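Worksheet: the structure to be examined is printed underneath.
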Amino acid sequence: CAKVTTPKRDYSSKRAATDKEIGELLDVSKNHRLSILVPLLVYTGLRRGEVLALTWDDIDFTKETITVGKSYTQGCDGIARLGDAKSRCSKRVLPIVSELLCKLKLYRATIAKGRQYVLSQAKTDKQIYPGTLNRIFKCLCDKAGIQGVSLHSLRHTFATKLQELGTPDGSIIRLTGHADGRVLEHYYIDRHRDT
């Protein structure tokens, strides 16, 4: 086995959402109990597991930052577990833009009042199962008439938007929690995005 060359991982190229699609997703999700999901992903570029692990203690409203250090992911056995962030580089502190800050404050004061997790199950303050969040997001996309956009596409959208705004690659790498700039360039920046 030591002489076997393992195949390189094939990263499927996902497209970033267009500005129009983002607007449509924000519109159809504004009255949903997880109305903060789309703005949170678009403005932070969090991974699905990172957003599912996010607690209100991770958000500093005074410093206007989000601390990312854990992830809630599904293992090969089908069981979801809370664990450390994906890699050393995944542990990071993200700035919160003013528009997202206002949305987070309102969401916490109304829908998530008294809850520990930013995104929690409807009836209990427990983490949403990763597959359930995918289904919820797909329903939002279907309602908006959007195809080809996934939760992970919003991470691509975040990286692409930063690149379009002239953000240095090193900053984008740090904000997205990547260890390697090549992954960011080849698989995350959508240079053909319709803005």
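Does the chain come out rounded, prolate or oblate, given a ≥ b ≥ c as the square roots of the eigenvalues of its C-alpha gyration tensor, rounded meaning a/c under 1.5 and, failing that, prolate meaning a/b above b/c?
The shape class here is rounded.
Just the accessible area per residue of the chain, please: how many Å² with a 1.4 Å probe?
That works out to 57 Å² per residue.
Quick check for me: using +1 on Lys/Arg Cβ and -1 on Asp/Glu Cβ, what's the dipole size of the chain about its Cα centre, in debye to the nearest 20?
Approximately 500 debye in magnitude.
Count charges around VAL149 for me, please; just the other residues with Cβ under 9 Å from its Cβ, Lys/Arg as +1, Asp/Glu as -1.
+1
Sorted by mean Cβ packing within 10 Å, highest first, what order do the peptides 30-43, 130-143 take?
Highest-to-lowest ranking by the protection proxy: 30-43, 130-143.
Which of the peptides 151-162, 67-78, 49-60 is most tightly packed, and how do the rest follow, going by the mean number of other Cβ atoms within 10 Å of each residue?
Answer by packing, highest mean first, reads 151-162, 49-60, 67-78.
Could you please report the charge total around ALA112, scoring K, R as +1 and D, E as -1 over all other residues with beta-carbon less than 10 angstrom from its beta-carbon?
Spelling it out: positives minus negatives among the neighbours equals +3.
From Cα pairs below 8 angstrom and at least 6 apart in sequence, can you work out the relative contact order of the chain, rounded to a whole percent?
About 32 percent, as a whole number.
Where does the chain land at 222 nm, in deg cm²/dmol rounded to the nearest 500, when only DSSP H runs of n ≥ 4 count, each adding -39500 (n - 2.57), divided by all residues?
-11500 deg cm²/dmol
Cut-off 20 Å, label point 7 angstrom out along Cα-to-Cβ of ASP84: give me the residues of the stretch 38-75 whose amide nitrogen falls inside.
47-55, 58, 67-75
In the chain, carbon and sulfur make up what percent of the accessible area (probe 1.4 Å)?
52
The values are calculated or read from the model by the stated rules, or taken from the named source; none is laboratory data. Here the structure is a predicted model, which means the values were calculated and not measured. Cβ atoms come from the backbone with ideal geometry, glycine included; neighbour counts cover every protein chain shown. Surface areas here come from the heavy atoms of the whole protein model, side chains and all, with no ligands, DNA or RNA. Shrake-Rupley method; radii C 1.70, N 1.55, O 1.52, S 1.80 Å.
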